[in-house]
Amino acid sequence: MKKLEKLYEGKAKMVFKTDSPDHYIIEYKDDATAFDGKKKGTIEDKGVVNNLMSAKMFQLLEKQGIESHFVELINDRESIVKAVEIIKVEVIVRNVATGSMVRRLGVQDGLVLDPTVLEYCLKSDEYSDPLINDYHIAAMKLATEDEMQQIRDMAFKINAFMREVFFNLNLNLIDFKLEFGRYKGKILLADEISPDTCRFWEIGTNRKMDKDRFRQDLGNVKATYQEVLQKVQTL
Ligand code: 5GP
């Protein structure tokens, strides 16, 4: 498949058109940003980790009946994906309270959330991904009720599966962000599943094994990303 012009460049990825109207090529970058782009840096080979880990997670999810945009790996940094139309709603799944939920609501960091909390944010760099609810989604015509029902069902199914997968890798899946897209009348899981978009705490020590190492200057960022990938590659 031929890589044609760049369609879009985000903070962590570039999306390219291809000679197939149904496919894009995604190229993962090492650039890292946090706190609304105020903190900028590079995590060496993060693009490789996120590309390879996402590929593995999408393949495992496919076997669980969760369809995603992923088609195949091209190389360490690039994948072919289906040309989905991204729904501008970020879906956050929280099993344990931390991060913005603690800052916003004052709940105890590390509080186990039962039931699991689902949040939606508007996907908008300009407005800093503000929290929205089902009424905003309906009124702003971001997605239909039927689409949101499918998205909710997929998000909880993905959470149940991933919690168990990471538990078996000695990682507690704290929270994560998902994005979905439309493709040929279907809702597909899109974007990526990586230490950039999930929080993992090592079971027993609560060592942070994700982008919080970069956000909070905890050190060993590159090594931790590599460690998570190595675990995932045993699956
Ligand atoms: P929080 O709202 O606490 O900052 O993030 C909750 C979870 O969603 C974390 O796992 C975080 O990595 C992920 N997340 C939320 N918003 C974004 C985003 O805009 N980009 C990325 N990469 N992850 C996000």
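Among residues of region 81-93 being away from the ligand (no atom under 12 Å from the Cβ) and open to solvent by less than 10 Å² (accessible area, probe 1.4 Å), the one that is farthest from Phe167 (Cα to Cα) is Ile87. Here Gln59 meets the list (1) within 30 Å of Thr116 (Cα to Cα); (2) more than 16 Å from the chain's Cα centre (by Cα) almost entirely, failing just condition (2). So which residues in region 140-175 are in a strand (DSSP E or B) and closer than 16 Å to Val232 by Cα, if there are any at all? Of everything in region 140-175, those that are in a strand (DSSP E or B) and closer than 16 Å to Val232 by Cα turn out to be Leu171, Asn172, Leu173.
Every residue, every condition in (1) open to solvent by 90 Å² or more (accessible area, probe 1.4 Å); (2) closer than 19 Å to Asp191 by Cα, yes or no:
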| position | (1), (2) |
| --- | --- |
| Asp114 | yes, no |
| Leu118 | no, yes |
| Lys123 | no, yes |
| Pro130 | no, yes |
| Tyr135 | yes, no |
| Met148 | no, yes |
| Glu164 | yes, no |
| Asn170 | no, no |
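Taking the conditions (1) under 17 Å from the mean Cα position of the chain (by Cα); (2) away from the ligand (no atom under 15 Å from the Cβ); (3) surrounded by fewer than 21 Cβ atoms within 10 Å (Cβ to Cβ); (4) in contact (Cβ under 8 Å) with a residue 12 or more places away in the chain in turn, Asp212 satisfies each one other than (2).
Considering only residues that are in a strand (DSSP E or B) and surrounded by 15 or more Cβ atoms within 10 Å (Cβ to Cβ), which ones fall in region 53-80? It would help to see each step written out before you state the result.
Quick first cut of region 53-80, residues in a strand (DSSP E or B) only: 68, 70-73, 78-80.
Matches in region 53-80: Ser68, Phe70, Val71, Leu73, Glu78, Ser79, Ile80.
Within region 94-101, can one find any residue that is open to solvent by less than 10 Å² (accessible area, probe 1.4 Å), within 17 Å of the chain's Cα centre (by Cα) and more than 16 Å from the ligand (Cβ to nearest atom)? Checked region 94-101: no residue is open to solvent by less than 10 Å² (accessible area, probe 1.4 Å), within 17 Å of the chain's Cα centre (by Cα) and more than 16 Å from the ligand (Cβ to nearest atom).
The values are calculated or read from the model by the stated rules, or taken from the named source; none is laboratory data. Note that the structure is predicted; figures quoted are calculated from it, not measured. FYI the Cβ positions are ideal-geometry reconstructions off the backbone, even for glycines, and counts take in every protein chain you see. Ligands, DNA and RNA are stripped out before the accessible areas are found, and what is left, the full protein with its side chains, is counted by its heavy atoms. Shrake-Rupley method; radii C 1.70, N 1.55, O 1.52, S 1.80 Å.
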